[in-house]
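For reference, the structure is listed below as structure tokens.
The values are calculated or read from the model by the stated rules, or taken from the named source; none is laboratory data. Worth saying up front: this structure is predicted, and the values here are computed from it rather than measured. For neighbour counting, all protein chains shown are included, and Cβ atoms are generated from backbone atoms with ideal geometry for every residue, glycine included. To get the accessible areas, we keep the full protein, side chains included, count just its heavy atoms, and leave off ligands, DNA and RNA. Shrake-Rupley method; radii C 1.70, N 1.55, O 1.52, S 1.80 Å.
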Amino acid sequence: MTPTSTTRLNLRGLLNEAQYEAATHMEGPLLIVAGAGSGKTRTLVHRVAWLIDQGIEPSTILLLTFTRKAAEEMLTRCEGLVGGMVGRVAGGTFHSLANSILRVYAPKLGFSNRFVIMDRDDSETMIGRLRTADPAASRNSKFPKRSTIQNIFSQTVNKELSVTQLIKKSYTHLIEFEPALRRIHEAYQRQKIERNLMDFDDLLLYLERLMVEHENVRQEIASRFTYILVDEYQDTNAIQARLTAHLGLGHLNVTAVGDEAQSIYAFRGANFKNILDFPKIFTGTKILKLEENYRSHPQILFVANHLLGQAKESFEKVLRPVRGTGPLAKIMVLGGLAEEAATVCDRIEADLVDGLSLSDIAVLFRASSHSFELEAQLNRRRMPFTKFGGRKFLELAHTKDFLAYLRLSVNDRDEVSLRRVLANVNGLGPKGQERVAEWALAKPSYLEVLGEAPLTKEKARPNLAKLRDLLVSVTGPDLSPRTVTEAVFLYYAAILPDLFPDDHPDRLTDLQEIKAMTEECEDLVAFLADMALSPPNNLIVSHEEAQARGDLTLSTIHSAKGLEWPRVYVISAVEGRFPSAYAKPSENEEELRLMYVAVTRARDRLTITMPIACRTWGVPGDGGWGPMPGGPSRYLANIDPSLVDIVQETQATGFAESFERLSGVMNRDHSPAKITIEDPRAHRPFGAARKASQGERAPEGLTELNPGLRVRHPGFGLGTVLEVSGGTAKIDFDQFGEKKVMIRYSRLTAP
């Protein structure tokens with residue numbers, strides 16, 4: 001069909017040239033590469049309306065989005081253009097499409113068409129029963145919880161990996177449970193079929209299986225939809241990309257809309273290469289780029305384009321501003337996290353004086369834990385905020401534990417904290433905890449003799465003695481907060497895997513954040529009081545509700561995608577935090593895209609903060625542990641300093657030239673060069689490893705080792721020590737290859 005003149009739509013007056021060309025494309029595959037703020041949704045809405053206006057039967061148009069709400073909003077806007085006929089458009093998510101098709105064809109796959117869809121809670125309930133029935137799981141208190149198992153099973157579908165492959169890739173600390181998890185997964189799959197049940201992931205799996213195994217059915221389904229439009233194509237996973245091909249390869253009238261530079265959901269299974277490969281799958285694809293940005297001032301887009309230019313795998317594009325000039329984007333070089341939090345709060349207060357409301361402002365960060373210091377500062381200033389993304393800091397069990405040890409260091413009569421830390425003593429049951437607590441609190445001073453408390457079961461005695469040693473070491477008026485937190489961190493990090501076997505690596509990251517906060521404070525008593533008097537916001541509301549009640553927005557970048565604010569602060573843009581110290585080299589591009597998404601949320605003013613005096617933890621790219629300086633983020637290296645407003649706020653010694661050296665932080669391959677910034681409050685180096693004879697057998701509870709030793713790691717299994725440097729070791733593991741580990745926390749034992 002060839003396009004005819006529009007009868008009701010004056011698209012020339014509504015769209016720019018690129019948008020118009022995209023909206024009025026008629027036959028063949030079309031890829032719309034829509035840069036941030038370029039009117040992607042507007043273009044897609046007008047494309048649907050234009051097709052209907054050209055006489056295309058609405059029921060043959062399929063609009064696929066990632067949320068039902070997005071589809072409803074688009075079709076409502078479309079209805080305002082062409083009227084009620086839009087109601088016949090097939091609009092929804094991949095999962096809703098799969099459900100509607102499987103209701104007809106499920107018997108071909110061994111299901112009744114009256115199958116029931118399990119929600120997450122249903123799925124976890126079934127997994128919980130199977131977990132209890134498995135002997136290995138029921139006998140081991142450290143076996144992962146049903147919610148963790150459900151996450152693993154879901155990721156096997158979205159990332160197209162077996163249970164074994166996924167555990168080796170993403171859950172190495174659970175490797176000992178791999179056989180049992182594989183058995184539970186097999187039983188889970190069987191029971192769903194036997195009981196005519198499907199979970200959300202099954203919907204896509206079975207739809208694809210239907211189309212692959214029954215060609216006549218695929219042709220019948222594909223013939224219903226002569227025009228297919230897929231929104232946010234960069235966020236599709238492998239199955240969704242193949243389903244698009246199954247539906248559209250017959251007629252090729254497929255429109256994919258998206259921006260590979262905003263693909264930030266790899267952890268869910270999204271693959272940005274789907275949009276890059278679209279022209280290879282759909283031959284003859286017409287590629288149109290929407291590069292005119294209607295959201296941000298040119299000065300903000302300068303930073304965004306600087307980021308785009310670093311992408312190694314992307315469509316070449318440059319955001320062109322439509323709006324007039326505004327203030328330069330600001331990059332603030334600060335000292336530590338406390339200074340960053342105070343400075344951001346000061347700036348927000350200045351924004352309010354300038355006429356903005358709190359709801360006009362957002363503070364964005366790479367990880368939820370990066371806002372902890374800021375949350376405390378905002379609460380002290382009584383500035384209302386709502387946080388999106390991540391977990392609520394002071395509601396977490398491991399955070400409560402950590403603070404309990406700190407409280408006991410300043411007040412050993414704190415009964416609540418004493419009972420909490422006793423609950424973490426291995427071998428001490430509820431009755432034993434009660435007996436020890438009552439015995440201790442009845443004494444004028446119990447710290448030195450805590451290890452002698454009356455016990456019913458003597459197996460807890462050594463662990464109780466370790467707690468005594470910790471509490472004695474952190475009690476004293478002359479101890480600095482840093483000394484106390486260092487000791488508590490070392491003690492608690494060692495028992496964390498036993499307390500939280502499912503996700504102790506993530507929890508350790510949170511503890512490193514609170515440790516960094518306490519190390520910057522001068523008075524531990526005041527810090528603990530602040531935590532009690534100003535707990536982080538725990539309200540769970542929508543972005544719309546937060547906006548309506550006038551709250552400041554704190555958000556992870558993942559939770560901010562698709563939103564925008566007049567004023568945006570992007571905090572902690574330093575190595576080890578943004579990009580994350582735990583990102584592998586292969587994830588560098590996704591970290592870059594996260595920064596791009598953050599920057600392009602700003603309409604009028606953008607501020608990026610660099611607390612370069614803070615210390616981050618981890619060795620980028622190799623999964624190891626260790627302290628490292630937080631030099632400026634690699635993504636802002638070589639930025640033209642004349643086109644941004646660089647502000648040096650910190651008074652700390654040694655930082656005056658920090659931003660001037662930014663261009664020298666990166667090597668040509670965009671890997672971090674050696675950073676020589678020195679922090680007077682830096683962690684002391686870890687002790688040198690003990691020299692030992694070649695081939696010496698590693699002792700149980702190993703803390704020191706040398707090259708050539710055979711060791712066992714609780715997550716990676718058997719390996720051979722290659723190098724020892726300070727407190728870290730490089731080990732060649734038999735199943736996982738080379739890894740760098742922190743000796744104190746890795747729980748290495750003899751093979």
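With respect to the cross-link table entries Lys145/Lys730; Lys286/Lys584; Lys280/Lys312; Lys159/Lys561, which display a Cα-Cα separation exceeding 25 Å?
Lys145/Lys730; Lys286/Lys584
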Anchor Lys466: lysines whose Cα lies under 18 Å away (excluding residues fewer than 8 positions away in-chain):
Lys457
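Averaged per residue, what accessible surface does region 172-261 expose to a 1.4 Å probe, in Å²?
Heavy-atom accessible area per residue stands at 36 Å².
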Work out how far the C-alpha atoms of region 121-162 reach from end to end along every principal axis, then list the three figures in whole Å, largest first.
30, 20, 13
Separation of alpha-carbon centers, region 264-285 and region 32-60, rounded to whole Å
20
Put +1 on the Cβ of every Lys and Arg and -1 on every Asp and Glu Cβ in region 82-167; which of Met118, Gln155, Ser138 then has its Cα farthest towards the positive end of the dipole?
Ser138
To check my understanding: the extent here is largest minus smallest coordinate of the Cα atoms along each principal axis. What are those three numbers for region 1-88, in Å, largest first?
31, 28, 25
For region 282-437, take the alpha-carbon Rg, divide it by the Kirkwood Rh, and send me Rg/Rh.
1.17
Whenever you get a sec, compute what percent of the accessible area on region 1-117 sits on carbon and sulfur atoms (1.4 Å probe).
51
Tell me the Rg and the Dmax, in Å, that the Cα atoms of region 211-326 produce.
17.1, 58
Förster radius 35 Å - calculated FRET efficiency between Ser586 and Arg461 (Cβ-Cβ, nearest 0.05):
0.15
Express the Stokes-Einstein translational diffusion coefficient of region 226-290 in µm² s⁻¹, to the nearest whole number, given a Kirkwood radius over alpha-carbon pairs, 10 °C and a viscosity of 1.306 mPa s.
134
For region 1-140: relative contact order, % (alpha-carbon pairs under 8 angstrom, 6 or more apart)
18
Can you return the lysines within cross-link range of Lys459? Criterion is Cα-Cα under 23 Å, with same-chain partners fewer than 8 residues away left out.
Lys142, Lys431
In region 1-96, which trypsin sites (Lys or Arg not before Pro) are in a loop and have at most 12 other Cβ atoms within 10 Å, using DSSP for the loop call?
Arg8
Among the lysines, select those whose C-alpha is under 19 Å from the C-alpha of Lys400, and discard any that sit fewer than 8 residues away in the same chain.
Lys392, Lys515
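Based on the inverse mean of 1/r over its pairs of different Cα atoms, what is the Kirkwood hydrodynamic radius of region 158-270, in Å?
About 16.4 Å, per the Kirkwood formula over Cα pairs.
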Whole-percent carbon and sulfur contribution to the accessible surface of region 150-295 (1.4 Å, no ligands, DNA or RNA) stands at 50
Sorted largest first, the C-alpha extents of region 135-216 along its principal axes in whole angstrom are 50, 28, 18
Give me the distance between the Cα centres of region 341-414 and region 431-482, rounded to whole Å.
32
Förster radius 60 Å - calculated FRET efficiency between Thr41 and Val449 (Cβ-Cβ, nearest 0.05)
0.30
Sorted by packing (mean other beta-carbon atoms within 10 Å per residue), highest first, where do 470-479, 600-609 land?
600-609, 470-479
For region 53-142, diffusion coefficient by Stokes-Einstein and Kirkwood Rh (Cα), 4 °C, 1.567 mPa s, µm²/s
78
Packing-wise, with mean Cβ within 10 Å as the measure, how do 52-59, 321-328 rank, highest first?
52-59, 321-328
For region 303-364, Kirkwood radius (reciprocal of mean inverse C-alpha pair distance, Å):
14.9
Using a probe of 1.4 angstrom, how much of the accessible area of region 349-505 is carbon and sulfur, in percent?
52
I'd like to know how region 78-206 sits against the 2.2 N^0.38 Å rule of thumb: what's its Cα Rg over that expected value?
1.31
